[in-house]
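Structure, as C-alpha cells:
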Ligand code: CP
C-alpha cells in the first residue's frame, strides 16, 4: 500500500483483516521490518488513541517515531496556492510537507474539518497537500471526511466478536453538545459497505451522510426499528452534512439505553471513543458485558500495525 487515506487504498480487505488479527497474536514477528525507518506523526488536533496506538504499532515494527502537535509546536501553515503570506501563517505546506518528508519514511497526518466550508472540507485540502508535497507515503490519522484507521479497527473488532456469519451492524446517531465532524460515521459506512455485513444507518431527519459514504446502506429515521435483531450497535454523534456543520437536533431520546439494547440480538456496543457518558450512551450500556469499546480501542494497535506493515513492504 503506497498510502492509507481510505478503504479504497486496500486491495485485499479480508486479507488485511486477517493480517491484523494475526499480528495481534504475533506482535513482534516483524520487529526488524521498520529498522532504520522513521514514522512522523503530525497532529493538527487532539488525540489519545490514535497517537498512542500508532506509535506502539510502529515501534512493534522496529520503526523510530517522531510526533509533533503542529498547531501548538510548529509554525502556522498556509494551504492556499498563491497566498500572499502577510498574515499569521509563517510557512507554506509546500515547504513544510517536503521538509518533513526529508526526515520521515512515512508521515501520518490528523487534520479535522472546519465544519464551516463543506466544499473545502470534502475536497480534503490538508491531507491532499501532504500527499502532493511530502514525497513519501501518507497515512491518515483522521482527515476532514474519513477516519480509516478507526474504521479498519472497527471491522477487525466485529470480525473477532461476531457470532453469526453475516451480522447486522447498525450505525446510530446519538446526541451531543458539540458540533462534531462526519469523519467517523462516513468512514464506518464506507468500510461496512465494503464488508460482508447487513448494514443499517439510523439518524434523525437532517443528518443524512453524504451519498458517496452511505452508499447502499439501509437508512431509517426509526432508531428502535433499526435496533431490532442487531448484532452490533455502533453509536456516534455527527453534525449535519445537509445544513453543514450545524446541530439541528439534540433530542435526548436518541441516547443509547439498556432498554433499547434489549431490542437487539444481544448486540455488542461499539463507539470509537472518547464518549460522553449519559449523553451519547447511558452508564448501564457502557459498563455492561456487551460493551466492547475497550477491546475496540485496543485493536487500534493491530489495525495500525497491519497498515504500516503493508506500507513498509510497498
Ligand atoms: N477514536 C480516536 O480516534 O480517538 P482519539 O481521538 O483519542 O485519537
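The values are calculated or read from the model by the stated rules, or taken from the named source; none is laboratory data. For clarity, every value in this text was computed on a predicted model and none was experimentally measured. Note that we place each Cβ from the backbone using ideal geometry, even for glycine, and neighbour counts take in every protein chain shown.
Answer with yes or no whether residue 262 is away from the ligand (no atom under 16 Å from the Cβ), more than 23 Å from the chain's Cα centre (by Cα), farther than 15 Å from residue 175 by Cα and in contact (Cβ under 8 Å) with a residue 40 or more places away in the chain. No: the conditions fail for residue 262.
Residues are listed down the side, and each one gets a yes or a no for (1) closer than 28 Å to residue 54 by Cβ; (2) within 15 Å of the ligand (Cβ to nearest atom):
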site	(1), (2)
218	no, no
231	no, no
235	yes, yes
239	yes, no
272	yes, yes
280	yes, yes
298	yes, yes
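When residue 16 is tested against (1) within 16 Å of the ligand (Cβ to nearest atom); (2) in a helix (DSSP H, G or I); (3) surrounded by 17 or more Cβ atoms within 10 Å (Cβ to Cβ), exactly one condition is not met: (1). Checked against (1) within 16 Å of the ligand (Cβ to nearest atom); (2) closer than 21 Å to residue 237 by Cβ, residue 156 passes all but condition (2). The listed residues are 253, 226, and the only one of them that is at pLDDT 95 or above, over 21 Å from the mean Cα position of the chain (by Cα) and over 15 Å from residue 169 (Cα atoms) turns out to be 253.
Candidates 37, 120: the one that is more than 16 Å from the ligand (Cβ to nearest atom) and under 30 Å from residue 243 (Cα atoms) is 120. Which of the residues belonging to the stretch 268-282 are surrounded by fewer than 17 Cβ atoms within 10 Å (Cβ to Cβ) and touching a residue at least 40 places away in the same chain (Cβ under 8 Å)? Scanning the stretch 268-282 gives 273, 274, 276, 279. Those residues that are assigned to a loop (DSSP other than H, G, I, E, B) and touching a helix residue (DSSP H, G or I) at 6+ places or on another chain (Cβ under 6 Å), I need them from the stretch 31-54; list them, please. Matches in the stretch 31-54: 33, 34, 44. Filter the stretch 131-148 for residues that are part of a helix (DSSP H, G or I) and either within 16 Å of the ligand (Cβ to nearest atom) or touching a residue at least 60 places away in the same chain (Cβ under 8 Å) (or both) and give the result. Within the stretch 131-148, 131, 148 meet the criteria.
Taking the numbered list (1) over 24 Å from the mean Cα position of the chain (by Cα); (2) under 22 Å from residue 99 (Cβ atoms); (3) surrounded by 15 or more Cβ atoms within 10 Å (Cβ to Cβ) in turn, residue 64 passes all entries but (1). Scanning the stretch 62-78 turns up no residue that is away from the ligand (no atom under 16 Å from the Cβ), in contact with a strand residue (DSSP E or B) (Cβ under 7 Å, 6 or more places away or on another chain), part of a helix (DSSP H, G or I) and within 30 Å of residue 310 (Cβ to Cβ). Of all residues in the stretch 235-266, those satisfying the criterion of being part of a loop (DSSP other than H, G, I, E, B), in contact with a helix residue (DSSP H, G or I) (Cβ under 6 Å, 6 or more places away or on another chain) and farther than 15 Å from residue 207 by Cα are 263, 264.
For the stretch 102-112, the set of residues classified as within 14 Å of the ligand (Cβ to nearest atom) and crowded, with 23+ Cβ neighbours inside 10 Å consists of 108, 109, 110, 111, listed by residue number. Name the residue, out of 96, 83, 57, that is assigned to a helix (DSSP H, G or I) and either surrounded by fewer than 16 Cβ atoms within 10 Å (Cβ to Cβ) or within 15 Å of the ligand (Cβ to nearest atom) (or both). Residue meeting the stated conditions: 57.
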